[in-house]
Amino acid sequence: MDRSTGLELDRLIEAVYAAGFELEWQYFRPEVLRLLCAWAGAEAAAWLVLPQGGSSGEFASWPGALLDGRTLATLSFDGGARERTLSVEVSRGRRREVLVLRVEHRGSHLHSVIALLPGERMVDLKALRHALGHVVQAGTLALRQFVMRDEWLIAMGRSSRGSAALIDAKGGVYAVSERFRQLVALEFGDTAFSVLPFTVPPERFDDPGPFQVRSLHFRIKPEGGLFLINARRPHPLDVLSPREQEIARALALGKTFKSVAREFEIAISTVANHASRIYRKLGIYRREELVELLRKAVDSKAA
């Protein structure tokens, strides 16, 4: 590799990692494919990220549909090969050879399959492999950044919305925050899972929302072709309705019935009725007990 090529490769690697820090996962991949094509001399690219044993994954392409994810997911690499070619129809009646490479994500159970449509002048395979090693590691970083949002909230002194993982519809894990891993490990005894050690209710993938498995509370929502799942420990207010939870937290902050009524645009008598039901459900009698109950719940989460 000559000095000029080496400098261009260094600039590509720097740009790819910067994108991993700065861009959301769904925007990161097309941008990196654009950068990769410009550097490598390719006309188009496609990228599929798969978990261990996965048959479908998270797919992206640039600038358009070079290949579909299913084709890349089912592609075989004979004899442990890490690259192969594939004949693809690029226009009606016109086919071209596409270079396809398989790249492992170091320190992860993920692997990537990346396809490139060669241009007139492509970089050599050794330089391309070097670049792709950094591309997929930046992809791991982007996934990690995505699920660490709640950990950042804790670090900033704000309450956590729950730890997170990014999964597919079969429970295959693409990225997981340390907090999520700790909670699941305490409940299920598995610390190095690449597939969730519990089953998400199938209806939750079609109708996202909260659910409970053993003592842990989860919520799930679609995130592109994947799903973001959050986990948290049980909380004393779980026995309350959503409105009762809001009012309980307001009362625990020392707000008067009058100020709570104004905040939620309800009558003061309605606040009093809510407070009575809240205390009865929680088995307490005074506001001071409510404050102490919530303080202990915060302390147990931080432990």
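Derivation of every value follows stated rules applied to the coordinates shown; laboratory data play no part. Everything numeric here is computed off the predicted structure, so don't read it as measured data. Here the Cβ positions follow ideal geometry from the backbone for every residue, glycine too, while neighbour counts run over all protein chains shown.
Taking every DSSP helix (H) stretch of at least 4 residues in the chain, weighting each as -39,500 (n - 2.57) and dividing the sum by the residue count yields a mean residue ellipticity at 222 nm of -14000 deg cm²/dmol.
Once the Cβ-Cβ distance of Glu14 and Phe77 is raised to the sixth power relative to R0 = 35 Å, the FRET efficiency obtained is 0.70. Per residue, the Cα convex hull of the chain amounts to 174 Å³. With one equal scatterer per alpha carbon and no solvent term, the Debye-computed log10 I(q)/I(0) for segment 236-302 at 0.12, 0.15, 0.26 1/Å reads -0.27, -0.43, -1.20.
Comparing mean-square fluctuations of Glu288, Glu14, Glu97 from a GNM of the chain with C-alpha springs under 10 Å, the top value falls on Glu288. Just so you know, the Rg over Rh for segment 3-147 is 0.94, from Cα atoms, with Rh as the Kirkwood radius.
Once the Cα-Cα distance is subtracted from the 0.36 nm per residue extended length, the Asp206 to Lys296 segment shows a gain of 28.8 nm.
The relative contact order of the chain comes to 12 percent, based on Cα pairs under 8 Å that sit 6 or more residues apart. Could you pull out which residues in segment 25-55 have an amide N less than 16 Å from a spot 7 Å beyond the Cα of Leu86, following the Cα-Cβ vector? Counting backbone N atoms under 16 Å from the label point, the list is 43-51, 54-55. Taking label points 7 Å from Cα along the Cα-to-Cβ direction, Asp124 and Asp190 give a separation of 4.5 nm. Taking the number of Cβ atoms within 10 Å of each Cβ as an exposure proxy, the fewest-first ranking of Met122, Met148 is Met122, Met148. Quick one: grab the alpha carbon gyration tensor of segment 183-302, order the square roots of its eigenvalues as a ≥ b ≥ c, and give me rounded if a/c is under 1.5, else prolate or oblate depending on whether a/b is larger than b/c. Cα axes put segment 183-302 in the prolate bin. Most tightly packed first, judged by the mean number of other beta-carbon atoms within 10 Å of their residues, the peptides 242-253, 260-271 read 242-253, 260-271.
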